[in-house]
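Structure, as structure tokens:
The values are calculated or read from the model by the stated rules, or taken from the named source; none is laboratory data. These figures come from a predicted structure and were not determined experimentally. A quick note on method: Cβ atoms are made from the backbone with ideal geometry, for glycine too, and the neighbour counts reach across all protein chains shown.
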Amino acid sequence: MFDVLLPLKSLPLAKSRLAAVLTSAQRQDLAVAMARDVLATLMNWPDCGSVVVLQGKEWPPVMPASARLKLVSEGALLAGTLNELLHRGVEWLRAPRQLVLFADLPCLSVADLEAVGAALGSGSGVVCPDRRRRGTNALAFNAGSPPAFVFGVDSCQRHQQAFSAGGMSPVAVDCAGLAWDIDTPDDLFDLLWGNQSGLKVGPATREWLESARDRGLLVAEKTAGRVSQGLVR
């Protein structure tokens, strides 16, 4: 059984790297849609014991009604950085196995989460890289053995090193639903107009995408032929 830690940064600051192509309201709506889908997937995962949501400012209610969900205000943890916040947030987790997961994974599936569970063994930790194998979208570890959190530029390799430094064997889990986050305009373009390679986008995010396509968002780039050749690259 897993307890999951899900950070939601202050909503007005969410998806700031998309500011060149989305308005503030569009970025916030996309962040909320993806968070709804990730939470719904977690609730459908049989191995999910509880989800602790570290919630920043100005989020609307996004959590489904469930005794397995706990909301903790980001401000109450008095953390200056994301890594500090996660180190303090882990203290709320109680299950034998624990997962830190981000909420911008629109294609996350229960099968992806089950792959993490299968990979986590005694004395090991799991690193889920992004599709460029540079960032980290999820970390799994046994209770009492979290790695040093080093989220930031090129964090994937640094997280593997952090597990090794703690005496654990790092295992990389490469699942498209865990690898494909939405951080940059290129990520968003691929989500809107690229080949999704059979992956299923969550319903809330799909509704946002349909509206964005109707408005012609990034359609000029599509017309110019910058369509991705695949979801994983």
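Within segment 199-214, residues that are charged (D, E, K, R) reach partners that are surrounded by 20 or more Cβ atoms within 10 Å (Cβ to Cβ) and part of a loop (DSSP other than H, G, I, E, B) with beta carbons closer than 8 Å, at six or more positions or on different chains, in the pairs Lys200/Cys107.
With the requirement that a residue be more than 14 Å from the chain's Cα centre (by Cα), hydrophobic (A, V, I, L, M, F, W, C) and part of a loop (DSSP other than H, G, I, E, B), what does segment 87-121 give you? Step through it out loud before you land on a result.
Quick first cut of segment 87-121, residues more than 14 Å from the chain's Cα centre (by Cα) only: 87-98, 111, 114-115, 117-121.
Then drop every residue that is not hydrophobic (A, V, I, L, M, F, W, C), which leaves 90, 92-93, 95, 111, 115, 118-120.
Correct list: Leu93, Ala95, Leu120.
Being modelled with pLDDT of 95 or more and in a helix (DSSP H, G or I): is that true of Gly125 here? Show your work before the answer.
Details: modelled with pLDDT of 95 or more: yes; in a helix (DSSP H, G or I): no.
So Gly125 fails the test.
In segment 18-47, the residues that are in contact (Cβ under 8 Å) with a residue 60 or more places away in the chain reach residues that are among the acidic types (Asp, Glu) with C-beta atoms within less than 6 angstrom, at least six apart or across chains, in these pairs: Met34/Asp104.
Of the candidates Leu54, Leu78, the single residue that is within 17 Å of the chain's Cα centre (by Cα), more than 22 Å from Val201 (Cα to Cα) and assigned by TED's automatic domain parsing to the domain that holds Val173 is Leu54. Set side by side, the residues Asp186, Asp190, Asp174 differ, and just one is of a type in the set (D, E, K, R), surrounded by 20 or more Cβ atoms within 10 Å (Cβ to Cβ) and within 18 Å of the chain's Cα centre (by Cα), which is Asp190. Exactly one residue out of Val38, Val52 is within 22 Å of Trp208 (Cα to Cα), touching a Leu at 6+ places or on another chain (Cβ under 6 Å), modelled with pLDDT of 95 or more and of a type in the set (A, V, I, L, M): that is Val38.
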